[in-house]
1. Quick check on Leu364: is it under 26 Å from Gly241 (Cα atoms), over 20 Å from the mean Cα position of the chain (by Cα), among the hydrophobic types (A, V, I, L, M, F, W, C) and in the same structural domain as His299 (by TED's automatic domain parsing)?
2. Of the residues Glu14, Glu23, which single one is surrounded by fewer than 22 Cβ atoms within 10 Å (Cβ to Cβ), touching a residue at least 40 places away in the same chain (Cβ under 8 Å) and acidic (Asp, Glu)?
3. Of these, Leu408, Leu414, which one is in contact (Cβ under 8 Å) with a residue 24 or more places away in the chain, more than 21 Å from Gly275 (Cβ to Cβ) and not assigned by TED's automatic domain parsing to the domain that holds His25?
4. Looking only at segment 369-388, count every residue that is crowded, with 23+ Cβ neighbours inside 10 Å and not in a loop (DSSP other than H, G, I, E, B) and tell me the total.
5. Does Ala357 satisfy being assigned to a loop (DSSP other than H, G, I, E, B), among the aliphatic types (A, V, I, L, M) and surrounded by 13 or more Cβ atoms within 10 Å (Cβ to Cβ)?
6. For His8, only one of the following conditions fails: (1) within 30 Å of Ala258 (Cα to Cα); (2) at pLDDT below 95. What is its number?
7. Looking at (1) at pLDDT 95 or above; (2) within 18 Å of the chain's Cα centre (by Cα), which one does Arg383 not meet, given that it meets all the others?
8. Pairs please, first residue from segment 217-241 and without any contact (Cβ under 8 Å) to a residue 24 or more places away in the chain, second anywhere and among the β-branched types (Val, Ile, Thr), Cβ atoms under 9 Å, 6+ apart in sequence or on different chains.
Amino acid sequence: MKPFDYRHGRLQVEQVDLQTLAEIHGTPAYVYSAAALRANYGALAAAFGPQPHRICYAVKANGNLAVLQLLAGLGAGFDIVSVGELERVLLAGGEPERIVFSGVGKREAEMRRALEVGIGCFNVESASELRRLDRLAQALGQRAPVSLRVNPDVDAATHPYIATGLKENKFGIDIDRAAELYGQAAAMPGIRLVGIDCHIGSQLTTLAPFVDALERVLALYDRLQAQGIELAHIDVGGGLGIRYRDEQPPAAAAWVGALRERVGGRPVALWLEPGRAIVGEAGVLLTRVEYLKVQQGHHFAIVDAGMNDLLRPSLYQAWHDILPVSPRRDEPPPPAWDIVGPVCETGDFLGKQRELALAEGDLLAVMSAGAYAFTMASQYNARPRPPELLVDGAHVHVARARETLADLWAGERLADLPA
């Protein structure tokens, strides 16, 4: 579906005019479409058919409580990487038994809290972590449900910062050592083995790396079955990409279909951990042009959103389409603008060389900003973070209020310094 589209000459989300949203709530502001979230999750769920499965939404992509609440209502599970994300999911109504805890550096207090609430699975990433979890679970009189996250050494062909499945990455357990560690885990009194996990990266736009990784994991699964270690699920992680510019990622049905085909008749549930594929195209960042500046023949459009609001272009050199909310008509051919922010860094940009007809005061929409956008925002340069608005039909819910100046120093204290 297209949650954001032009009607009557202006860009709208569902039944709401983005120009009106900006006038009421100001800019910069994040705007999410509830209909897009439902459609994207629904497409994944429908693709499984009778295959036992669980869709564990990756909270790190967008952890807004209203977004989590909507997905929990659809029956989603959740993939978390910190106790903070755990508490977010619980507050939003997520079921503990549908939570999987990933991440390479789980602290004791985080593990203990997850055991106390009864999460569904720990994705364990090292022998040391396994031993720690065994000890903590025994102290609580429990057996922790565990999958070992294996590193299949598969090149995801994505940005190196978001590739996670190669031997040189910090994630997971060498798949060649995994069978030995499964044998050790099976003998631990505080551990209950329930599955295998892998995750090879983010923003993948072809099926081949997913299939390659799954085939290696299935070989391990079959080997463990032969050794008498029975597992209930295989978790293939997430990473399905979206279209930012000219990518042609597989449809949800093709992704799930390829995975189901490889699993075949094995008596095992298939788990996924999608994030971007659900929320990425469901959000935009609204920003207003403050100044137009031409310097040595270079055209700069200085907007009120910066790298502190949306880091992806600066961090990953990522492309986001940038559209005018109210396109200008009958203009001469526009120049190519660098869309830059107010942050005191040369790397502060949202897009470069964009052919747009612009005037000061114009409103722009940075597209496909639902994932790894607000969740990576900061208060750098003492800039309050923007609001998050969830649109459902004609209804606008303020899912997060705009931060105030006082929020910038909340929790800080002046020191009692000697005179």
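1. Numbers: under 26 Å from Gly241 (Cα atoms): yes; over 20 Å from the mean Cα position of the chain (by Cα): yes; among the hydrophobic types (A, V, I, L, M, F, W, C): yes; in the same structural domain as His299 (by TED's automatic domain parsing): yes.
It is true that Leu364 is under 26 Å from Gly241 (Cα atoms), over 20 Å from the mean Cα position of the chain (by Cα), among the hydrophobic types (A, V, I, L, M, F, W, C) and in the same structural domain as His299 (by TED's automatic domain parsing).
2. Working: Glu23 fails: touching a residue at least 40 places away in the same chain (Cβ under 8 Å).
After applying the criteria, what remains is Glu14.
3. Numbers: Leu414 fails: in contact (Cβ under 8 Å) with a residue 24 or more places away in the chain.
Sole residue among the options that is in contact (Cβ under 8 Å) with a residue 24 or more places away in the chain, more than 21 Å from Gly275 (Cβ to Cβ) and not assigned by TED's automatic domain parsing to the domain that holds His25: Leu408.
4. So the count comes out to 2.
5. yes
6. (1) is the only condition that His8 fails.
7. For Arg383, the exception is condition (2).
8. Pairs found: Ala219/Ile175.
The values are calculated or read from the model by the stated rules, or taken from the named source; none is laboratory data. The shown structure was predicted, so the numbers you read here are calculated from the model rather than taken from an experiment. With ideal geometry, Cβ positions are generated from the backbone for all residues, glycine too; neighbour counts draw on all protein chains shown.
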